[in-house]
Structure formats: C-alpha cells, structure tokens
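To start, the structure itself, in structure tokens.
The values are calculated or read from the model by the stated rules, or taken from the named source; none is laboratory data. None of the values given here were measured: they were computed from a predicted structure. Neighbour counts are summed over all protein chains in view; Cβ atoms, including those assigned to glycine, are modelled from backbone coordinates with ideal geometry.
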Amino acid sequence: MKIKRFAKKPEDIHQRIGANPVVCYPNDSINDNLEILHEARKHLVKTDEIIIPPRDAKTFKVKSHNFFRIESVEGPQVGDLNIFQADNLDEKFYSGKTRALYGTHISVGDKMYSSFPYLRSLATISWDTLDWYGYDKDGGSVHDVIGTRCDPYTSKLISGNDYHFCCHSNITRALVREKGLNKDDVEKIVHDVLNVFMLTGFTNDTKQYFMKSSPVRPGDFLEFFAETDLLGVLSACPGGDCGSEHSSDAAKCYPLKVSIWDVDKKFLEGIKVSQISSYNRDHGLTD
Ligand SMILES: [Zn+2]
C-alpha cells in the first residue's frame, strides 16, 4: 500500500518513472499439449467421485495421465486446492511461480508448477466452464493464485478470534485424519492454494486483495490433466461464494465434488508431460 508517500520527489522523477513493462517470464516456449488434451477429454471414463462437505476438506488421489474435475454442486461455493506429488509430499504446488508464469488467475492451458528444486507441472488445466468470465471492469477474475488460503492465524491477527474451520485448518485436518500424518509436520507442508471458483483481484487504488460473489453455479467445473501421480486436498471454504466474509460460520456454504477420470492411453499418444527440473543444483558452489 504505497499511498503514504513520506519521501520527497526527486528532481529527475520523469527520467525514473514511466518505462514500458516487460513480461518477466514469457511462457510461449512451454508446451501446453492442448490439442491432444481436448481430443482425449472427449473419451473420459469416470472412475471415482468424492464429495467435500462444507467447511471441511478431503484428500483424493489421481494417477498420472488421468484427469480430475472440481465441480460445483447444490450452490455457489469456492474451493481451496492443495496438490502434492503422491509419493513425495515435499514436491507441492508453488502458487507464486505459477502466478509469475501465467498471471493472477489461471485457466485452460495453464499449468500448476511444483516447488523447488522440482519445478515441473503437476497438472495442466484442460477445461474451465467459467472461462467466459475473463477479467471484469475491476480487474477481477476466477481461479486465482494471488490469495493464500484463509487461515486461523490471520483471522486471529485481524479479529482476535479463534476459528477452526478455515481452509488451512480443513486441509490440515484432512491430511492428519486421512493420511495419518503428524499435525506439526502437516502444517509445514500445507501451502498456498489455487482458489478454485473464487472471484478476486487487486483494488485499483491501494492494490489490496479483494473478493466478490463467485459466478460459479451447480454444474460448472474446472478440469485438470495430471502429469504425475498426485495427492490432492480440497477444502470447501467457510466463505461459501466468498461474496461477504470468510473465516467464520456466517456465509452459506455448499459441498464440492471431485471426480477422477481415466482415458484410453491411445488418445494421449504424443503427449509430453513435464519433468523434474534438470538444473544441476550447483548454485555456483563448485570452483
Ligand atoms: Zn478458504
């Protein structure tokens, strides 16, 4: 919030401001496999379905080269998604680098990159029934990688209350109860999410994170292609459609559905999945 301006303007201010922006990470060289994925998705066969109760989270597994969908059922509801490599929970979704590569909100053809030192695409978004929304007049859009996840620590900081059903806690509970992991270990691997269906942006004046009622309706879904074996954890956010508040029991909340889909491998012929980074990790330490 750079609105206070304590410092005096320099005399050469016009030479220092106004340069044209340069995209930091051009992504044109990354193969999105979209042609193959759009053909393959015509032949999907559902193999499993998981219902996520409101204000709670559940884990789900997706095999490499399968698809999964997150679907709105019953009413508008936002979901907070964590993704891990199924056999190595140290490799997890890296929302910051995904944002640096694709922008504030992601959709069809964008990839969900994993943390260092892996930095590979865990999943590619293959379909999005809300991609008609684009960006609205306030710069808002759906499926952001700019928020973090609602959590009890920030809630305590701002309101002074203890609330136990934020997405951070819901994801923590799911990993403890369903995977038998230790709470303290789990809290270190719960990570910043993809905010599925959430409508967000930054305000024009102060650039603060804002939210609006999600345009998602029952039947809408976001679909992913798994590029490695995945463990997903999805929380049905206590903010519901996130049109008023979160981190409380005030909002009307609905379940979310996760479905897993297989496809005959002949339809994926020629696909190039992302590999773990081949950087040699020397970091300039070798003389
Ligand atoms: Zn949340």
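Per the listing LEU256, LEU199, the residue uniquely under 16 Å from the mean Cα position of the chain (by Cα), more than 23 Å from HIS164 (Cα to Cα) and either surrounded by 13 or more Cβ atoms within 10 Å (Cβ to Cβ) or of a type outside the set (Phe, Trp, Tyr) (or both) is LEU199. Can you pull out the residues in the stretch 139-181 that are over 16 Å from MET198 (Cα atoms) and of a type in the set (Lys, Arg)? Within the stretch 139-181, LYS156, ARG173, ARG177, LYS179 meet the criteria.
Take the residues in the stretch 20-46 that are among the charged types (D, E, K, R) and touching a strand residue (DSSP E or B) at 6+ places or on another chain (Cβ under 7 Å), then tell me which one is farthest from ASN66 (Cα to Cα). It comes out as ASP32. For beta carbons closer than 6 Å, sequence separation of 6+ or different chains, a first residue in the stretch 259-287 that is of a type in the set (Gly, Ala, Ser) and a second that is surrounded by fewer than 15 Cβ atoms within 10 Å (Cβ to Cβ), the qualifying pairs are SER259/LYS46; SER259/GLU49.
Working only within the stretch 108-167, note down all residues that are among the basic types (Lys, Arg) and surrounded by fewer than 23 Cβ atoms within 10 Å (Cβ to Cβ). Across the stretch 108-167, the qualifying residues are ARG120, LYS137, LYS156. Restricting the stretch 219-240 to residues that are touching a Phe, Trp or Tyr at 6+ places or on another chain (Cβ under 8 Å) and assigned to a loop (DSSP other than H, G, I, E, B), the residue that is nearest to the ligand (Cβ to nearest atom) is PRO238. On the given criteria, is LYS272 part of a strand (DSSP E or B), closer than 30 Å to HIS38 by Cβ and basic (Lys, Arg)? So LYS272 does not fit the description; no. Would you check which residues across the stretch 245-258 are at negative phi and either touching a Ser or Thr at 6+ places or on another chain (Cβ under 8 Å) or in contact (Cβ under 8 Å) with a residue 40 or more places away in the chain (or both) and list them? Of everything in the stretch 245-258, those that are at negative phi and either touching a Ser or Thr at 6+ places or on another chain (Cβ under 8 Å) or in contact (Cβ under 8 Å) with a residue 40 or more places away in the chain (or both) turn out to be HIS246, SER248, ASP249, ALA250, ALA251, LYS252, CYS253, TYR254, PRO255, LEU256, LYS257, VAL258. In the set (1) assigned to a loop (DSSP other than H, G, I, E, B); (2) within 13 Å of the ligand (Cβ to nearest atom); (3) in contact with a strand residue (DSSP E or B) (Cβ under 9 Å, 6 or more places away or on another chain), the condition left unmet by SER247 is number (3).
The residues of the stretch 218-274 that are under 13 Å from GLY79 (Cα atoms), among the acidic types (Asp, Glu) and at pLDDT below 95 amount to a single one, ASP241.
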